[in-house]
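Here is the structure we will look at.
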Amino acid sequence: MAKPDLRIGTRGSLLALQQSGHIRQALEALWPGLRVELQVIKTMGDKITDVPLAKVGGKGLFVKEIEDALLARDVDLAVHSIKDVPALLPEGLEIGVIPRREDPRDVLVTGSGGGLSSLPRGALVGTSSLRRSAQLLRLRPDLKIEALRGNLDTRLKKLKEGLYDGIVLAAAGLHRMGWNDRVSAYLEAQDFVPAIGQGALGIEIRSDDTRVRELLAPLHDEATAVAVRAERSLLRELEGGCQVPIGGHARLMNGLVHLTGLVASLDGRRVFCQTLSGEPETAEMMGRQLGQQLLEAGARQVLEEIYGSTIAES
């Protein structure tokens, strides 16, 4: 069998394979004759499914083994959901290309098919995210939130089995799988701030690999990249991860970047949310500025409390 021209490192979940398969098809369509192969790599996040991410290390759990394979030259590129990628990358690696973003919103999926207001008092809602949990409690303090881990299909199965009254997921994953009909309600970004980078893919490559960068270049979407730069700059400023309720969403409208950032306490009672607008070339500076504004408004105390409790537990 002929050796592939490119090897894509990917997680083995249905969604990860769908996302990586989409990039493979796009590359093969762009470059006729190019042979692209998917190489499944099991990450620590895939192995540990019965413990909340906040207790076992957060974002890096879904990318470290794949990044190790990239650095070892076992694979040539990796397709990640940007929201799973830590703010700082290992030396020698970079996000080379960011394709056009899918829907960044969160969605509610319920057994009854109704929205958030339709859930009965004290309803049990499953989510793997402290950000989602805090915002749910801000809107519906009566809800009971329970940690929900597992791949997208596993979470939907648990809802169907009646283990939850509702679950919160990323719209992008359902859309990419063709499961739009599962959505009960979209949670609009201005009221329910998404995760940093939600809905966007990042293609990670070795910094010195100009060949792969050139092959991928036509897949790059600059508008999405600008938005992601602003959001990830905010994340770095807040030094956040899966362990803290931090959200960020940027969009380009009328030539300007509009960046919204959110920091919340775990119980959703203290929420700091602000928006900045500026020129696209200032995206990273905007992220840093908004992060500082949120910290000065009171988010610093909330984050210190959460980081403090996390350190004490470990």
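So the values come out like this:
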{"read-out": "Qualifying residues in the stretch 174-210 (those that are surrounded by 14 or more Cβ atoms within 10 Å (Cβ to Cβ) and among the β-branched types (Val, Ile, Thr)) - the one modelled with the lowest pLDDT", "value": "Ile196"}
{"read-out": "Some residue of the stretch 105-121 being farther than 23 Å from Ser13 by Cβ, among the acidic types (Asp, Glu) and modelled with pLDDT of 95 or more", "value": "no"}
{"read-out": "Residue satisfying condition, being within 20 Å of the chain's Cα centre (by Cα) and in contact (Cβ under 8 Å) with a residue 24 or more places away in the chain, within set Ala171, Ala69", "value": "Ala171"}
{"read-out": "Pairs, first closer than 19 Å to Ala170 by Cβ in the stretch 199-211, second among the polar types (S, T, N, Q), C-beta under 8 Å, six or more apart", "value": "Ala200/Ser81; Ala200/Thr224; Leu201/Gln19; Leu201/Ser81; Gly202/Ser81"}
{"read-out": "Single unsatisfied condition, Gly308 versus (1) assigned to a strand (DSSP E or B); (2) surrounded by fewer than 16 Cβ atoms within 10 Å (Cβ to Cβ); (3) small (Gly, Ala, Ser)", "value": "(1)"}
{"read-out": "Lone unmet requirement of (1) part of a helix (DSSP H, G or I); (2) at pLDDT 95 or above; (3) under 18 Å from the mean Cα position of the chain (by Cα) for Leu137", "value": "(3)"}
{"read-out": "Among (1) touching a strand residue (DSSP E or B) at 6+ places or on another chain (Cβ under 7 Å); (2) buried (at least 21 other Cβ atoms within 10 Å of the Cβ); (3) closer than 21 Å to Leu14 by Cβ - the single one Gly166 does not satisfy", "value": "(3)"}
{"read-out": "Ala264 vs. criteria crowded, with 24+ Cβ neighbours inside 10 Å and either in contact with a helix residue (DSSP H, G or I) (Cβ under 7 Å, 6 or more places away or on another chain) or modelled with pLDDT under 95 (or both)", "value": "yes"}
{"read-out": "Where Pro218 falls short, out of the listed (1) touching a residue at least 60 places away in the same chain (Cβ under 8 Å); (2) in contact with a helix residue (DSSP H, G or I) (Cβ under 7 Å, 6 or more places away or on another chain); (3) more than 22 Å from Asp191 (Cα to Cα); (4) surrounded by 19 or more Cβ atoms within 10 Å (Cβ to Cβ)", "value": "(4)"}
{"read-out": "Among (1) free of Cβ contacts under 8 Å to residues at least 60 places away in the same chain; (2) crowded, with 16+ Cβ neighbours inside 10 Å, the one test that Ser277 misses", "value": "(2)"}
{"read-out": "Helices (runs of 4 or more DSSP H) fully within the stretch 22-98 counting 3 or more residues that are among the polar types (S, T, N, Q), modelled with pLDDT under 90 and within 26 Å of Arg132 (Cβ to Cβ)", "value": "none"}
{"read-out": "Candidates Ser117, Ser112 - the one that is closer than 21 Å to Val193 by Cα, out of contact with any Pro (no Cβ under 7 Å at 6 or more places or on another chain) and surrounded by fewer than 14 Cβ atoms within 10 Å (Cβ to Cβ)", "value": "Ser117"}
{"read-out": "Hits in the stretch 157-178 (condition: over 21 Å from Glu188 (Cα atoms) and touching a Phe, Trp or Tyr at 6+ places or on another chain (Cβ under 9 Å))", "value": "Lys158"}
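The values are calculated or read from the model by the stated rules, or taken from the named source; none is laboratory data. Quantities reported herein were computed from a predicted structural model and do not represent experimental measurements. FYI the Cβ positions are ideal-geometry reconstructions off the backbone, even for glycines, and counts take in every protein chain you see.
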